[in-house]
Amino acid sequence: MSMEDWLVRTLNDLAGQMAWLDRWALNFSDPDLMWGPCLLLTAYWLWRSWREALLAAPVLAALIGLVDFIGARIKDFVARPRPCLALPDLHQIQACGKTFGFPSNHAVNSAAAAAFLQMLYPRSAWVSWPLVGLIGCSRVYLGAHYVTDVLAGWMIGGLLGAGAAWVLLRYAPRRGLSHRPIG
């Protein structure tokens, strides 16, 4: 058994044994549950600095759409099966998902958002990066991804998110963003 299979099995062996842990993993893997926190964050952002929010929030939304698209294209190119398909004896507490798993789009999207926000607001890292970690762990726990799917997603998303924020800070200072991040 490879190290990667062992890691997935070790985390996934807990699935179905503790209802609270299953709920936790399902909640951190449900993109529909992110709308509430996103709306609260946007409201706070508008209250704190509406000019920055009006410029950066659409860039963040476009970034998430772009990195999600890129992640899906990489999945089709790499064509690596998900562990829930490749390892038939995993505990499944939700449907397996689409055929391919590398990279994890949950990891790509969450890391892109965290890196983007950290570049603009460095103090946001203590909230955003632990959430990124929990989302990634939930994907392995559920058997939807291998650990390397998540790690690759974090790298891709982090680089693209930081790059988008850098471009925004570099080329949009006259539109409400300063070179010196607030946070």
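The values are calculated or read from the model by the stated rules, or taken from the named source; none is laboratory data. Because the structure is a prediction, the values reported are computed rather than measured. Neighbour counts run over all protein chains shown; Cβ positions are idealised from the backbone, glycine included.
Of the residues Ser138, Ser104, Ser124, which is within 18 Å of the chain's Cα centre (by Cα) and buried (at least 24 other Cβ atoms within 10 Å of the Cβ)? Lay out the reasoning, then the answer.
Working: Ser138 fails: buried (at least 24 other Cβ atoms within 10 Å of the Cβ); Ser124 fails: buried (at least 24 other Cβ atoms within 10 Å of the Cβ).
The match here is Ser104.
Scan the range 27-46 and tell me whether some residue there is at pLDDT 70 or above, within 30 Å of Leu120 (Cα to Cα) and not in a helix (DSSP H, G or I).
Scanning the range 27-46, I find at least one residue that is at pLDDT 70 or above, within 30 Å of Leu120 (Cα to Cα) and not in a helix (DSSP H, G or I), so the answer is yes.
Sort out which residues of the range 149-171 are surrounded by fewer than 21 Cβ atoms within 10 Å (Cβ to Cβ) and either of a type in the set (D, E, K, R) or more than 17 Å from Ile135 (Cβ to Cβ) (or both), and write them in order of number.
If the condition is that a residue be surrounded by fewer than 21 Cβ atoms within 10 Å (Cβ to Cβ) and either of a type in the set (D, E, K, R) or more than 17 Å from Ile135 (Cβ to Cβ) (or both), then Leu159, Ala162, Gly163, Trp166, Val167, Leu169, Arg170, Tyr171 are the ones that fit.
Working carefully through the options Gly71, Gly101, find the one that is touching a His at 6+ places or on another chain (Cβ under 7 Å) and in contact (Cβ under 8 Å) with a residue 24 or more places away in the chain.
On the way: Gly71 fails: touching a His at 6+ places or on another chain (Cβ under 7 Å).
Sole residue among the options that is touching a His at 6+ places or on another chain (Cβ under 7 Å) and in contact (Cβ under 8 Å) with a residue 24 or more places away in the chain: Gly101.
For Val78, only one of the following conditions fails: (1) closer than 20 Å to Glu4 by Cα; (2) within 14 Å of the chain's Cα centre (by Cα). What is its number?
All conditions pass for Val78, except number (2).
What are the residues in the range 77-98 that are assigned to a helix (DSSP H, G or I) and free of Cβ contacts under 8 Å to residues at least 60 places away in the same chain, if any? If you could, list the steps in order and put the result at the bottom.
Within the range 77-98, the first condition is being assigned to a helix (DSSP H, G or I), and the residues that meet it are 77-78, 83-86.
Phe77, Val78, Leu85, Ala86, listed by residue number.
Exactly one of (1) at pLDDT below 90; (2) part of a loop (DSSP other than H, G, I, E, B) is unmet by Ser124. Its number?
(2)
Cβ contacts < 7 Å: first residue more than 17 Å from Ala57 (Cβ to Cβ), restricted to the range 115-131; second residue surrounded by fewer than 20 Cβ atoms within 10 Å (Cβ to Cβ), any location; separation 6+ or different chain. Result?
Listed pairs, sorted by first residue: Pro122/Pro181; Pro122/Gly183; Arg123/Gly183.
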